[in-house]
Every structure is written in C-alpha cells, then in structure tokens.
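The values are calculated or read from the model by the stated rules, or taken from the named source; none is laboratory data. Here the structure is a predicted model, which is why all the values come from computation and not from measurement. All Cβ positions, even for glycine, are placed from backbone atoms using ideal geometry, and neighbour counts span all protein chains on display.
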Amino acid sequence: MNRLRGLALAGSAAMSLLLPQTAAWAGKADDTLTFATANEVDTVDLYYQNLREVVIISQQTCDTLMYRDPIDSAYKPLLGTSYRWIDDKTLEFKLRHGVKFSNGQEMTSADVAYTFNHARQPDSGMVTRLLVDWIENVEAPSPDTVIFKAKAPTPAAIEYLSGITPIYPAGHYDSAPTVQTGGKPRRDYGAVLPVCVGPYVIKDFKPGASVTLVKNDQYFADSPKGKPSIGTLVFKTIPDNDTQLAELVTGGIDWIWGVPTENAKQLAEAPNVTVKAAPTTRMSFLSLDASGRTGKNPMQDVRVRRAMFYAIDRKAIARELVGEGAEVLQAMCDPRQFGCATGVPDYPYDPAKAKALLAEAGYPNGFKTDIYAYRDRPYTEAVMNYLREVGIVADLQFLQWKALRPIMEGGKAQLAQLTWGSQGVLDASASVSNYFKFSVDDYARDAEVRDWLEAADTTTDPTKRKDLYAKALTRIADQAYFIPLFSYGRTYAFNSDLDLPVTPDELAHFYRAHWKK
Amino acid sequence: MGRFLARRLLLTLLVVLVTSIVAFSLVHLSGDPAAAMAGEGASATDVAAIRRLYGFDRPLTVQYFAWAADVLSGEFGRSYYLRESVVQVLAEHAPVTALLGSLALGFALLLAIPLGVLAALRRGGMMDRLASALAVTGQAAPSFLLALLLIYVFGVRLHWLPISGNATTAHYVLPAITLGMYATPALLRLTRSGMIEVMQSDHIRTARAYGLAPWRVVLRHALRSAIIPVVSLAAVQFGLMLGGSIVVEAVFSLKGLGQLAWESIQRSDIEVIQAILLLTSLVYAVLTLLADLLNALLDPRMRLT
C-alpha cells in the first residue's frame, strides 16, 4: 500500500514539475505565511503539549526568561535582563522593564513566580516535568527581581528557562474549566488560551484545525529575537503528506516539513520551492537488556552486545536510508547538548569481528530474539538485516508507541529500537540521564553510571560536569549498554520567496523570516 | 408496527452497549492511554503523571462504569485531547461528514442508476461495456489513488478546485467524487442486474402488451421494482460513508467524523471514540429502519404488520 502510494505520489510530483507554474503565491501577496504539518494541535500552551508544532507556535507568541539563539546556541537574556546564582540552589533573575503582555498588562516578577509556581505543582498536569521538577519555589521580592529556589543544584536551569517555559500573567489559569474525566474532576489548564509577551499575538485558535497569529507591533525593539517582519502566520493541519506537497506546489501553503527523501530532490527542482535539510536532536538507538530484566538472555554478555555494535553499518543506514540531515550517533546524547562527550569507544562496522565475538561468547551460530520497534519500520528492518548477517535472527514486533511503552516500562523488551528527542533540551541531563538512572527505561542498571550521572546533573562546576558525563558515556559505550545508531534529519520545503533560517533544532523561527524583495 | 419499532429499538440499545464495552476494552488493551496522550516525546515520569491525573490507574471496570454513569445522566464527557466537550466536538465534525456523505451518495446514485438502467436495456452494447468498465475501475482503484489523480488534474494542473480543507462547498467536490466512486460499482451492478431480471418478468410483459410507452414501462414499472435492493444497499453505503471515510477525509484534509475517529483511536481519546461509536450505531439503526420503511412503500408485499 505504502509503495503504491509512493509511486502515485512520485508520479504526480514528477508531472507537477513539468507544468507551468501558474499558481499565485498568496503568501507574499497578502503578507501571510501559512505553514502546515500533519499533527492536530489541541492547545498552544507549551506546558500542556510537547508537540514540536506547539513549540514553534509558542516561540512566535510567548517569550521566556532566556533565549537560546538557534544559530549559535548562545544564551541571551529575553524577558530577563541578567541572572546570577546566589548559591548552588538559588538563582536570581532581573527582569526587563516596561514589557507588556498581549492583554496590555505590564509584566512583573509576580507573573514569573505565578507561572512557575503553578507549573511545578505535581497536580498541574504539566506534560514535561523535567523543566519544572527541579523547582522548590519561586519568589518575587521586588517587581523586577525573581528568585528560583531549587530542590538541588540544577546547572541545566538556564537551558530549561530558554525557549520552552513561557511566562503568563498572574492568575492566568484562574479561568481554567473544571472537567470530569471518568467521574473524576480536574482543572483543564491547557484549555486556557495563552496570554504572553512575544513577536506575534494569537488572533484565532481552532483546536485540531488551525491557529492564526498576527504581528505584535508593540514588541520590544531590543529583543534578541528581533522585530517580526511578516504580518500574519497561519498554522493548518493537513494530515496527508501528498496533499501538503500539492498545496505547496500550487501556492496554497508556504512551508512544510518532513518531506520524504524520495520526494525532496524532485521538489527542489520546482522553481518556486526551496528545499533544505538540517539535523535534529532526535536520536535513534537500540536498547539492549544488559541487566537481565527480561530474564536470562544473550545480551547480558558484554561480548554479545559489542558484537551487535560491530555488526551494524550505522554510516550506511544514516547516509543511504535516513537521508540528508541524518548523522551517525557516537554516544547516547546529541553532540550539541552540554556534556555530550563524543570521544567514547566506537565500534566501526566489522561483521567478521562481530562473528568472532559471538563465537567467543558461546553463540557461534548466533541466536534468536525479538526486536521491538514503533517508528520507521524500514530502519529497523535494515538493523535486522545486519544482525542476521552475523547470525542474530530478530523477530520484529512492530507496535504503536502506546502499546510499546508499557512493555518497555515492564522490563519485557530484550531488544528494542527506540528514539528520543531530549524534549528539545540541549543538556545531557535530558538525554543520557533519562535512560541510565534506574528509571523504568533503564535496561543497564549500572550503579556506577547512575551515580556519575546523578552527580553530573547536580554539579554546578561546568568542567566537573563534563568530566562526569564523559565518564558515564565512556562506560556506557565501553559496555555497549545501548547502541546509538543515528540522529534524524528533517527536510523542510518552503516558498522560495521566503527568507527563513533553517536551524538544527527541529523548529521554525518565523519571527526571523521575511519576504524576499 | 409498534412491536416492530420496539424490537428495533431494543436491538439498537444492545448493539450500542456491546460496541461500547468492546471499544472500551480494545482501546485499553491496545496500549496505554496515558502513553498515547503524553506522546512519544514524553518521559516515563511524564506518562506516570498523566496516568494518575486522568485516573487511568484505576481498574478498567471502575473507569467504564464511571463513563457509562455519565452518559446515562446525559454527560458525554470531554475530549482529553481537543479539550472540548464531546458534544461540541461531534457537532463540529459530524456536519462535514454528513455533507460529504450526502454529496457522495448523490453523485453515486446519479451515476449508477441511469448507467445501470441503460446497461440493462442495452445488454452487451456500448453502454453496458462502459458501465462494466466503470464498475471494475471504481472497484479496483484505491480511494487515495483516485484522490491524488483528481488533486493533480483539477487542483495542480487546472486550478479549478481547492484540494484541502472544507471552507466552501467547492472544497467538497473532489472528495465527494472520490467517495462516490467507491460506492458506485455496487449500486450500478445491482441496478443493472435488477433491471435485467425485472424486464423479463410477467408484469413488464403485460405492461408492454397494454401498449404503454417504453419510458413509462422502464421508469414507472421496471425501475420501481428493481430499485428496492438498491435502496437497501444505498442505506448501507451511506452508513459506511458516515462512519468512516477516513482515507478521503485525510487526503482532502476534511475535519469529519472518519478522520476524528482515526485520530482519536491513535491518541486513545476514549470518550470521543465511544461517542462516535454511539452515534454511528444509532445512524446505522435509523438508516436500516428507514430503508425498510421505504422498501415497504415501494413494494406493498413488504408492508409491515
């Protein structure tokens, strides 16, 4: 079915390129940039939805205390003007004066304290706990000063406060409706439309269908985000990739992402479309049951795990299969993340060595196992083919994520191909620490690694942190607890009238876009 | 008549009850609703927090009876995902599907019945061969392929019609043709075979012997008999269209019930799934009942007692 569909799409895309491009590019003419993806957006509150689309929309409309520049990853003050660590667990921010929310109210420290004190509550329903679970309390001693009290030293705090934790006015969630869920009452905070300071203002929101944003002419001039140029941004959900392509080619929309590799080349030949690929922080890796959570199994032997590492040609998968923007992953973190050490033991493709190691471990003819996966079946099939070459026959159990999640949590997957995007956080605490601190996802259960990571996550000295992460990552690689495969790339296609930076954070910074003259 | 309706009503309630239990169980057995809601970007901690907050950590029977009690008190609940009442969500999506289904069925009937009649009257002729080719093509071509072809020709090539969304009636033209083409072959074949059979029957021979005009024989006497099974089938087809034109709605980005059902299953939005099932079972029951009543009107031998 997919192949047939692919052929049909390739055919129609090819034909469309032969056509005279008579479509009017509405975007530039009416100063409206329409972007579309397949996902339905239920809320534009970043505390209640972690979809990348919502991060994109939120970053157009809702500023945060700090700003991580998507080009050079430098941290710049945004709603804050400066910060300092008073001690290991106390972080002070000075705030910008005269900045107003879209409702006209001036922002003060009380708003910042309110926002974080709401989000950090265990029953707030906030979806990305990592960003707020470190906070003990937030205080507002004066209108332009806000103080974060951390539960433990949190060196990644500045990263958590950059771009993904918007500030709302005090009392913002008071209007949240109380709803019944199977007879249980709860407040639906995500149903409240965000009120923020940002380059754009939400004009209209139709849950599951569209969001319309208009330029905020009152946006403060010296923002590191810059003044927005394009008048209106419209987000639309178009579930079908082929329809997205057709809409882009005919000028119905101006920006899409996730263009399949097989279509990217053809699309790039269209005169009115720009196609660019960029890396992302999403990693693909194999989780191996080294600690025997599933019971006695071959992967408890380090020689078997190393053999599996040697058996897979990760370069070929990244280059030939995943396509542009993809990179071979060296360790269990993204190289752009703070603390991600890349000089860890590597296992270049060497099937002979893999076979020798398997024989040494007592598996000269290989063995059989299940492999669980939930995303990008062809990539898993490629891994299975490489493993089969050295005698490891993996039976594919391809499930939806919601079905695989309980299996992983229950310690029932000997071998699984998983992905993780670090929730967009550029700090190793969001990647390697997520998997090796004895959580339900930890199939290595190495106490030494856990302790190093625990120390790294709570040490404020950057050099010490780097050393600790390096130690943990080196041991993880040496023991081949996980097999990092590749980081995903993303291919973006957009109206060539658009001047828009394509960044390696899997986001679109439309506030930096403008129409070409 | 009263007993017939009561029996039908009871049967409908039973169907609704059984489907709701099966659907509820399937949604939970097919995966963790909390994981579906949190998404693949969520950590184990995030999923656990959602599981607690939404009460998914309670026994299934407790969750089911809590939902059933709400429904019986007229409260259909709230979409976990879309953050709107289920009634409001259905009110937004159902008209899209109803309009699409009606237009598609109208298109299918307008194409199938005349073509079926002509094919039957000119057996083996050009029209019969054309009808046969259309039936085979309509049956064999997957909806998405036809949809892409229509998008290419009328959207990309000619710029005549919009290709996604449901802002205007023009947005429904291509989806209605795609969906209608799917229903056409069965209706066409049934019309044709029905007409062939009826045209050879005694009462048609008698009508001809009376010297009635040929068009009168065909339209007033033959078609009236031949169309009875077509009405039943059209009702079933309409039910199918209302229940799940998922592919067509997805390709043309129509926010209808099929797409809503599909998305809700993906994200385990149980209250929406249950409400859609409830609605579609009721629609099916009503349509079947209407088809029976219509058939009874068309054929006195089928009158209900």
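Within the stretch A:175-218, if we keep just the residues that are assigned to a helix (DSSP H, G or I) and under 26 Å from the mean Cα position of the chain (by Cα), the residue that is nearest to the other protein chains (Cβ to nearest Cβ) turns out to be A:ALA191. Pairs are defined by a Cβ separation below 6 Å, a sequence spacing of at least 6 or placement on different chains, a first member in the stretch A:220-244 that is more than 14 Å from chain B (Cβ to nearest Cβ), and a second member that is among the hydrophobic types (A, V, I, L, M, F, W, C) and part of a helix (DSSP H, G or I); the pairs so defined are A:LEU233/A:PHE510. Checked against the criterion of being buried (at least 24 other Cβ atoms within 10 Å of the Cβ), among the small types (Gly, Ala, Ser) and farther than 30 Å from B:ARG51 by Cβ, the candidates B:SER245, B:SER225, B:SER232 yield just one match: B:SER245. Of everything in the stretch A:427-461, what is surrounded by fewer than 22 Cβ atoms within 10 Å (Cβ to Cβ) and under 23 Å from A:SER73 (Cα atoms)? Give them in sequence order. Passing the criteria: A:THR458, A:THR459, A:THR460, A:ASP461.
Matching residues to (1) within 19 Å of A:ASP505 (Cβ to Cβ); (2) part of a strand (DSSP E or B); (3) touching a residue at least 12 places away in the same chain (Cβ under 8 Å):
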site: A:ALA270; (1), (2), (3): no, no, yes
site: A:THR274; (1), (2), (3): yes, yes, yes
site: A:PRO279; (1), (2), (3): yes, yes, yes
site: A:SER287; (1), (2), (3): no, yes, yes
site: A:VAL304; (1), (2), (3): no, no, yes
site: A:LYS315; (1), (2), (3): no, no, yes
site: A:GLY325; (1), (2), (3): yes, no, yes
site: A:PRO335; (1), (2), (3): yes, no, no
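Residues that are surrounded by fewer than 22 Cβ atoms within 10 Å (Cβ to Cβ) and part of a helix (DSSP H, G or I) within the stretch B:116-134 comprise B:LEU118, B:LEU121, B:MET126, B:MET127, B:ASP128, B:ARG129, B:LEU130, B:SER132, B:ALA133, B:LEU134, listed in sequence order. With respect to B:VAL218, is the statement that it is within 20 Å of B:THR168 (Cα to Cα) and more than 15 Å from the chain's Cα centre (by Cα) true? No. Taking the stretch A:262-309 as the range and being touching a helix residue (DSSP H, G or I) at 6+ places or on another chain (Cβ under 6 Å), at pLDDT below 95 and within 23 Å of A:PRO378 (Cα to Cα) as the test, the residues that pass are A:ASN263, A:GLN266, A:THR281.
Condition check: basic (Lys, Arg), away from every other protein chain (no Cβ under 14 Å) and buried (at least 18 other Cβ atoms within 10 Å of the Cβ). Does A:ARG68 satisfy that? Against the criterion (basic (Lys, Arg), away from every other protein chain (no Cβ under 14 Å) and buried (at least 18 other Cβ atoms within 10 Å of the Cβ)), A:ARG68 qualifies.
Every condition in (1) hydroxyl-bearing (Ser, Thr, Tyr); (2) within 27 Å of A:TYR189 (Cβ to Cβ); (3) modelled with pLDDT under 90 is met by A:SER12 except one, and the failing one is (2). In the stretch A:265-282 there is no residue matching the filter, namely being closer than 24 Å to A:LYS206 by Cβ and either among the aliphatic types (A, V, I, L, M) or touching a Phe, Trp or Tyr at 6+ places or on another chain (Cβ under 7 Å) (or both).
Taken together, the residues in the stretch A:219-254 that are crowded, with 18+ Cβ neighbours inside 10 Å, of a type in the set (Gly, Ala, Ser) and assigned to a loop (DSSP other than H, G, I, E, B) amount to 3. Filtering B:SER20, B:SER25, B:SER85, B:SER30 for residues that are surrounded by fewer than 18 Cβ atoms within 10 Å (Cβ to Cβ) and farther than 30 Å from A:GLY424 by Cα leaves a single hit, B:SER25. Might you let me know whether the stretch A:444-459 holds any residue that is in contact (Cβ under 8 Å) with a residue 40 or more places away in the chain and touching an Asp or Glu at 6+ places or on another chain (Cβ under 6 Å)? No, the stretch A:444-459 contains no residue that is in contact (Cβ under 8 Å) with a residue 40 or more places away in the chain and touching an Asp or Glu at 6+ places or on another chain (Cβ under 6 Å).
Residues in the stretch A:368-398 that are over 20 Å from A:ARG306 (Cβ atoms) and either of a type in the set (Phe, Trp, Tyr) or within 22 Å of the chain's Cα centre (by Cα) (or both): A:TYR372, A:ALA373, A:TYR374, A:ARG375, A:ASP376, A:ARG377, A:PRO378, A:TYR379, A:THR380, A:PHE398. Going by the structure shown, is A:LYS89 buried (at least 17 other Cβ atoms within 10 Å of the Cβ), farther than 30 Å from B:SER79 by Cβ and touching a Lys or Arg at 6+ places or on another chain (Cβ under 8 Å)? Against the criterion (buried (at least 17 other Cβ atoms within 10 Å of the Cβ), farther than 30 Å from B:SER79 by Cβ and touching a Lys or Arg at 6+ places or on another chain (Cβ under 8 Å)), A:LYS89 qualifies. Answer yes or no as to whether A:TRP420 is within 21 Å of the chain's Cα centre (by Cα), under 16 Å from A:THR128 (Cα atoms) and either surrounded by fewer than 22 Cβ atoms within 10 Å (Cβ to Cβ) or within 12 Å of another protein chain (Cβ to nearest Cβ) (or both). Yes, satisfied.
With respect to (1) away from chain A (no Cβ under 14 Å); (2) closer than 24 Å to A:GLY252 by Cα; (3) buried (at least 20 other Cβ atoms within 10 Å of the Cβ), the lone exception for B:VAL156 is condition (1).
When B:PHE56 is tested against (1) more than 9 Å from chain A (Cβ to nearest Cβ); (2) more than 22 Å from A:VAL54 (Cβ to Cβ), only condition (1) is not met.
Which of the following residues is more than 18 Å from A:ALA403 (Cβ to Cβ) and in contact with a Lys or Arg (Cβ under 9 Å, 6 or more places away or on another chain): B:ARG58, B:ARG52?
Exactly one of B:ARG58, B:ARG52 is more than 18 Å from A:ALA403 (Cβ to Cβ) and in contact with a Lys or Arg (Cβ under 9 Å, 6 or more places away or on another chain), namely B:ARG58.
Going through (1) of a type in the set (Val, Ile, Thr); (2) in a loop (DSSP other than H, G, I, E, B); (3) more than 24 Å from the chain's Cα centre (by Cα) one by one, A:ILE164 falls short only on (3). Could you check A:LYS100 against (1) farther than 27 Å from A:GLY190 by Cα; (2) of a type in the set (D, E, K, R); (3) touching an Asp or Glu at 6+ places or on another chain (Cβ under 9 Å) and say which number it fails? Going through the list (1) farther than 27 Å from A:GLY190 by Cα; (2) of a type in the set (D, E, K, R); (3) touching an Asp or Glu at 6+ places or on another chain (Cβ under 9 Å), A:LYS100 breaks only (1).
Filtering the stretch B:248-300 to residues that are of a type in the set (Phe, Trp, Tyr), touching a residue at least 40 places away in the same chain (Cβ under 8 Å) and either surrounded by fewer than 24 Cβ atoms within 10 Å (Cβ to Cβ) or within 22 Å of B:VAL87 (Cβ to Cβ) (or both) leaves only B:TYR284.
From the set of residues in the stretch A:372-404 that are assigned to a helix (DSSP H, G or I) and within 30 Å of B:ILE270 (Cα to Cα), which is farthest from the other protein chains (Cβ to nearest Cβ)? Only one residue tops the list, namely A:ARG377. Per the listing A:VAL192, A:VAL127, the residue uniquely modelled with pLDDT under 95, of a type in the set (Val, Ile, Thr), surrounded by 15 or more Cβ atoms within 10 Å (Cβ to Cβ) and closer than 24 Å to B:ALA38 by Cα is A:VAL127. Within the stretch B:64-88, the set of residues being assigned to a helix (DSSP H, G or I), within 8 Å of another protein chain (Cβ to nearest Cβ) and touching a residue at least 12 places away in the same chain (Cβ under 8 Å) comprises B:TRP67 only.
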